[in-house]
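The values are calculated or read from the model by the stated rules, or taken from the named source; none is laboratory data. Because the structure is a prediction, the values reported are computed rather than measured. For neighbour counting, all protein chains shown are included, and Cβ atoms are generated from backbone atoms with ideal geometry for every residue, glycine included.
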Amino acid sequence: MIIEINTTDDANQIAAPCRICSRVGLNSILPLGGSAEAQSAAVATSDARWSLDLAWCPSCSLAQITESIPTDILTRESALPASAMAGVVLQAKSVVEQVCEKLELGPESLAIEIASNDGYLLQWYQQAKIPVLGIEAAQDVAWIAESKHGIGSFPDRFGLEFALQLKREGHCADVIHANHVLGHVADLNDVVAGFAALLKPEGMAVVEVPYLKDLLDEANFDTINHDHLCFFSLSSLRQLFGQHGMEIVDVERSTLSTGTMRVFAAKTGAWPVQSSVRDLMDQEATWVRDSAQYLAFSNRIQSLRQELGQLLQTLKSEGKRIAVYGGSAKGNTLLESFGIGSHLKIYDPVQLVEDQPDYCLLLATDGAAEILSEQHRYREMGGRFIIPTPTVRIA
Ligand SMILES: [Zn+2]
């Protein structure tokens, strides 16, 4: 499979409307071609293929995958328990403490989380005696929230219709959390309209999304998959919330995972806008609508692809055995888009030491350091990892 990455500017207008501002005529950044549905566990065998083209909107600056798959985070059937990641739980605790203090929450308040998972976040409100309500379609993790923390969840898809239903039932939120939800849903306006409908006049939405600048700078293009539809700038989020009578009043970067931006949004005029918003908007003015930034990103990915392809070819011609470590969603994008999926074998981590392939292409680049230290025996016995991003290196 050979996929040409076309980098000319005007030849790549995409007809799909922008997911935020509905503009027709998006600029292509990275046509990665068809990709098997990235979340499929059977990475190498899945036949399901979807187009996977990343484009940006010259009006609102949202970077987006232009096609959607039928299910998303709001309708998922199962999920991994978030509490398994200690860092995530601790960060949730710190954000909840911050919100409780800022909004002066108490027993009369209500905290809601969309995609509330196993209660990793809402538990902290509950411990502070603040009523909570979860919304989680995945019943496996919703059950953990209920049995472990006594947190009940609605399995419904969150959007304007469901928000209005909750409101009719007497629920009104002081705070709505949505961590890594907006990046995964097709209808952004429906979700944010739901926030606006469900929040009290001085309520706040606390939203974590992938930050576009980090994608462009770090060339983590392997995060682009069908589970990850949108990459946001602050400019694009302001536009999105503005369309629903809301504004961003504060913004910060996640200390836990690079590439994440956390915004605090409220009804327009309800809260003073912090200087953090102006500061980041000023920074974004230098790049967010500059097509050269997107072209540079596209070019970097192209050279990365060539470099990795050449390395693998050289190793193969030397008779080296190469395995793949990590059949994740990210890895699948990489395998598919680089057209190397069919040449590689996927191992169980235990087999790595037993079979001792010469090289192992590491696809879970997020936890590279951790995996390298876990697999020290493989490396001591002469095995080497190929780490593909942000630059190709052997470790
Ligand atoms: Zn737009």
Cross-chain or 6+ apart pairs with Cβ under 7 Å, region 52-71 first and among the hydroxyl-bearing types (Ser, Thr, Tyr), then within 8 Å of the ligand (Cβ to nearest atom) and at pLDDT 90 or above: 59/18; 59/21; 59/23; 61/236; 66/26
Which listed residue, of 62, 121, is within 19 Å of the chain's Cα centre (by Cα), closer than 30 Å to residue 16 by Cα and surrounded by 18 or more Cβ atoms within 10 Å (Cβ to Cβ): 62
Residue count for region 179-201, restricted to those that are surrounded by fewer than 23 Cβ atoms within 10 Å (Cβ to Cβ) and out of contact with any strand residue (DSSP E or B) (no Cβ under 7 Å at 6 or more places or on another chain): 6
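Among the listed residues 240, 164, 212, 199, identify the single one that is within 15 Å of the chain's Cα centre (by Cα) and assigned by TED's automatic domain parsing to the domain that holds residue 94. Let's see the steps before the verdict.
Details: 240 fails: within 15 Å of the chain's Cα centre (by Cα); 164 fails: within 15 Å of the chain's Cα centre (by Cα); 199 fails: within 15 Å of the chain's Cα centre (by Cα).
Unique residue meeting the criteria: 212.
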Search result, residues across region 85-100 that are more than 23 Å from the chain's Cα centre (by Cα) and more than 21 Å from residue 261 (Cβ to Cβ): 100
Complete set of residues in region 121-138 that are more than 19 Å from residue 157 (Cβ to Cβ), assigned to a loop (DSSP other than H, G, I, E, B) and touching a Leu at 6+ places or on another chain (Cβ under 7 Å): 130, 131
Residues satisfying the stated conditions in region 139-178, i.e. touching a strand residue (DSSP E or B) at 6+ places or on another chain (Cβ under 6 Å) and not in a helix (DSSP H, G or I): 151, 153, 154, 158, 172, 173, 174, 175, 176, 177, 178
